[in-house]
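**Q** Below: one structure in structure tokens.
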């Protein structure tokens, strides 16, 4: 037996020239699963909630209260909550599906050899990068909507003094670094969890990997929460008007 | 030295040196959080999630080192 670790996802088959990778297949499966659960919940809503409905109610209510406590007002919270909750629930489901026992035993054979049909979705950098780009674009849109296009540009290009100009340039770097830091954090954690689990399984097959599996479950939940929360915090920062800006606006 | 040997050495150095900073940082965060909970046990429910979030942010530099290591080893 040898370790089979690759950073790029494996290609299962092609539709015309479009490669279908195992992580793409699983992300579609997870989306379908989440949509199905949502539809079942939607069409079985009752005044007296059953088991599934009360779980969903508690989850959504607690998350909404959390969003409200971070962003400050209920009106803003209602706008940002769908994004926050979608990111959280999708990443959480994608991470936790990794721990279904036996899924890594399902393999298929194609031209290049034996390929596992399952791959942790967040261990594919493309997927994580797309999620990050979505949240970064929304952060920029919120910032432009709050400060206005000129105020937004003025934050980065400031010619009042050399120091302010330098700080503005550093802000541009900071915005670009956001993409890298958000995506690398999620990708690194999940991929490292996969590799660690595989290496431990390779070294000592019995019992020893269990604590690492537990650590993996913890990481899966915490990282889903962290990704969604950081997006929320960045949006909150972008949607706030700084005090000196208020003074400027008042003087105009 | 052969390429493989240099790769192994580079990977070990990258993760070893990269883990120092986040380890110290996470230790400081945990100790401060424990101090805060010890001083005011009622707010432990608020401090614990904040502690996890800040830890995950601190951890990110370590994760960068890890990603580089994995790219050196398997990329």
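The values are calculated or read from the model by the stated rules, or taken from the named source; none is laboratory data. Since the structure is predicted, the reported quantities are computational estimates derived from the model, not experimental observations. Glycine gets a Cβ as well: all are built from the backbone with ideal geometry, and neighbour counts include every protein chain shown.
**Q** State which residue is farthest from residue B:62 (Cα to Cα) when the search covers only the range A:168-187 and only residues that are away from chain B (no Cβ under 14 Å), in contact with a helix residue (DSSP H, G or I) (Cβ under 8 Å, 6 or more places away or on another chain) and surrounded by fewer than 17 Cβ atoms within 10 Å (Cβ to Cβ).
**A** Result: A:169.
**Q** Which pairs do you get when a residue that is under 18 Å from residue A:128 (Cα atoms) and within 14 Å of chain B (Cβ to nearest Cβ), found in the range A:1-16, comes within reach of a residue that is assigned to a loop (DSSP other than H, G, I, E, B) and modelled with pLDDT under 75, reach meaning Cβ atoms under 9 angstrom, with the pair 6+ apart or on two chains?
**A** As it stands, the answer is A:6/B:75; A:7/B:75; A:8/B:75; A:10/A:112, since those pairs meet every condition given.
**Q** Right, another one. In the range B:33-75, which residues are under 22 Å from residue A:234 (Cα atoms) and over 19 Å from the mean Cα position of the chain (by Cα)?
**A** Correct list: B:46, B:47.
**Q** Something else now. Which of the numbered conditions does residue B:4 fail, given that it passes all the others? Conditions: (1) more than 11 Å from every other protein chain (Cβ to nearest Cβ); (2) surrounded by 13 or more Cβ atoms within 10 Å (Cβ to Cβ).
**A** (2)
**Q** Considering each of B:36, B:11 in turn, give the residue that is closer than 23 Å to residue A:219 by Cβ and either part of a helix (DSSP H, G or I) or within 11 Å of another protein chain (Cβ to nearest Cβ) (or both).
**A** One residue alone meets the criteria, B:11.
Every residue, every condition in (1) without any contact (Cβ under 8 Å) to a residue 24 or more places away in the chain; (2) in contact with a helix residue (DSSP H, G or I) (Cβ under 7 Å, 6 or more places away or on another chain), yes or no:
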{"residue": "B:1", "(1), (2)": "yes, no"}
{"residue": "B:7", "(1), (2)": "no, yes"}
{"residue": "B:11", "(1), (2)": "no, yes"}
{"residue": "B:14", "(1), (2)": "no, yes"}
{"residue": "B:28", "(1), (2)": "yes, no"}
{"residue": "B:49", "(1), (2)": "yes, no"}
{"residue": "B:52", "(1), (2)": "yes, yes"}
{"residue": "B:59", "(1), (2)": "no, yes"}
{"residue": "B:69", "(1), (2)": "no, yes"}
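**Q** Let me ask another. Determine if the range A:227-235 includes at least one residue that is away from chain B (no Cβ under 14 Å), over 22 Å from residue A:96 (Cβ atoms) and either at pLDDT 85 or above or touching a strand residue (DSSP E or B) at 6+ places or on another chain (Cβ under 7 Å) (or both).
**A** Checked against the condition, which is being away from chain B (no Cβ under 14 Å), over 22 Å from residue A:96 (Cβ atoms) and either at pLDDT 85 or above or touching a strand residue (DSSP E or B) at 6+ places or on another chain (Cβ under 7 Å) (or both), the range A:227-235 yields at least one hit.
**Q** Right, here's the next one. Do we find that residue A:191 is in a helix (DSSP H, G or I) and more than 16 Å from the chain's Cα centre (by Cα) in this structure?
**A** No: the conditions fail for residue A:191.
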